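First up is the structure itself, then whatever we jot down about it.
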Amino acid sequence: ELYDNNSLKQYCNCSNCLIENKWLKLTSNNKTYILGSIYRHPNGNMKHSTEGLSSILSKMDKKATCILAGDINIDLLKQQNKNVDMYLETLMEHNFQPYICIPTRITEHTATVIDHINVRIPTNQMLTKISSGNLINDISDHLPNFFIMDCDINKTKERPLIRLYNEKTIKKFEKNIKDEPPILPHPRSNDPNILLTEFTYNCNRILDKYFPLVKMSRKK
């Protein structure tokens, strides 16, 4: 469910607080997970966003697993900066631990840790197995980050829908993908929101065409 009573925008309306955020609350087997996705504009006021984040974190359910992730544009390698130090102290004050600690944006002259995944795990789940890191991929100027944790899910007797990525379907995909551009050669608009919507729609259409959803076999 949406957890929109949390919003960093409500804590400051100044023109320098350029930030976007969305929050979700999930429940599984009587365990609660709160997920926050945050984008902070690099020119936004760092001190104000940290103060707003502190206000939100202080209200969160202490028994919930909380995951904050996003392009925060705060370089964790610059701990001598008072605003970066304030951000890290705020996380530690609320028992959050950074799980991305190596550069996420690398250029010829710079390496910065500006994409973060910060997690607070309840005491009774401290032995949970966790993996995290970066993927080496140049799909954008930021490296993709991942965070994986073991958690119990509700079991079901129904066979789930899956996609079959086998030699046959992959060969068919590779043979025809050049005729299936995710963006048209002459897009109808230069609006990035419209282009992203078109890109996502076409990617999903291609996925459904070559790797359609099928019921998992009884054996599996």
> Once you list every other residue whose beta carbon is under 15 Å from the beta carbon of Pro103, what net charge do they have if Lys and Arg are +1 and Asp and Glu are -1?
Replying inline: -4
> Sorted from largest down, what three extents in whole angstroms do the Cα atoms of region 1-126 have along their principal axes?
Replying inline: 48, 33, 22
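Taking the Cβ of Arg205 as the center, what net charge do the other residues with Cβ under 11 Å away carry, scoring Lys and Arg +1 and Asp and Glu -1?
After counting each charged neighbour, the total is -2.
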>> Quick check on the chain: what are the equivalent-ellipsoid semi-axes from the Cα gyration tensor, as sqrt(5λ), descending, whole Å?
In response: 34, 26, 18
>> At 0.36 nm per residue, and after removing the present C-alpha to C-alpha distance, how many nm does the segment from Ser131 to Lys31 gain when stretched out fully?
In response: 34.0 nm
> What's the carbon and sulfur percent of region 92-186's accessible surface, probe 1.4 angstrom, rounded to a whole number?
Replying inline: 56
> Between their Cα atoms, which of Lys31/Lys129; Lys22/Lys178; Lys62/Lys220 are more than 26 Å away from each other?
Replying inline: Lys22/Lys178; Lys62/Lys220
> Who wins for biggest fluctuation among Thr123, Thr32, Thr104 in a Gaussian network model of the chain, springs between alpha carbons below 10 Å?
Replying inline: Thr123
> If contacts are Cα pairs under 8 angstrom and at least 6 residues apart, what is the relative contact order of region 49-161 in percent?
Replying inline: 25
> Which ³J(HN,Hα) values, rounded to whole Hz and listed in residue order, are derived for region 68-85 from phi using the Karplus coefficients 6.51, -1.76 and 1.60 in 6.51 cos²θ - 1.76 cosθ + 1.60 with θ = phi - 60°, glycine and proline given as x?
Replying inline: 10, 9, x, 8, 7, 6, 10, 7, 5, 7, 9, 5, 6, 6, 5, 6, 5, 4
>> Would any residue of region 109-153 have its amide N under 13 Å from a label point 7 Å out along Cα→Cβ of Lys59? List them or say none.
In response: none
>> What number do you get for region 111-220 when its Cα radius of gyration is normalised by 2.2 N^0.38 Å, N = residues?
In response: 1.48
> For Thr123, what is the net charge nearby, where nearby means another residue's Cβ is under 14 Å from its Cβ and Lys, Arg count +1, Asp, Glu -1?
Replying inline: +3
> What list of ³J(HN,Hα) values in whole Hz, one per residue of region 132-143 in order, does the Karplus curve 6.51 cos²θ - 1.76 cosθ + 1.60 (θ = phi - 60°) give from phi, with Gly and Pro shown as x?
Replying inline: 7, x, 10, 9, 7, 8, 9, 4, 8, 7, 10, 6
> Who wins for biggest fluctuation among Thr107, Thr197, Thr50 in a Gaussian network model of the chain, springs between alpha carbons below 10 Å?
Replying inline: Thr197
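The values are calculated or read from the model by the stated rules, or taken from the named source; none is laboratory data. What you are looking at is a predicted structure, and each value in this text was computed from that prediction instead of being measured. Counting neighbours? That spans all protein chains shown, and the Cβs are built from the backbone with ideal geometry, glycine included. For the accessible areas, the whole protein counts, side chains as well, though only heavy atoms, and no ligand, DNA or RNA atoms are used. Shrake-Rupley method; radii C 1.70, N 1.55, O 1.52, S 1.80 Å.
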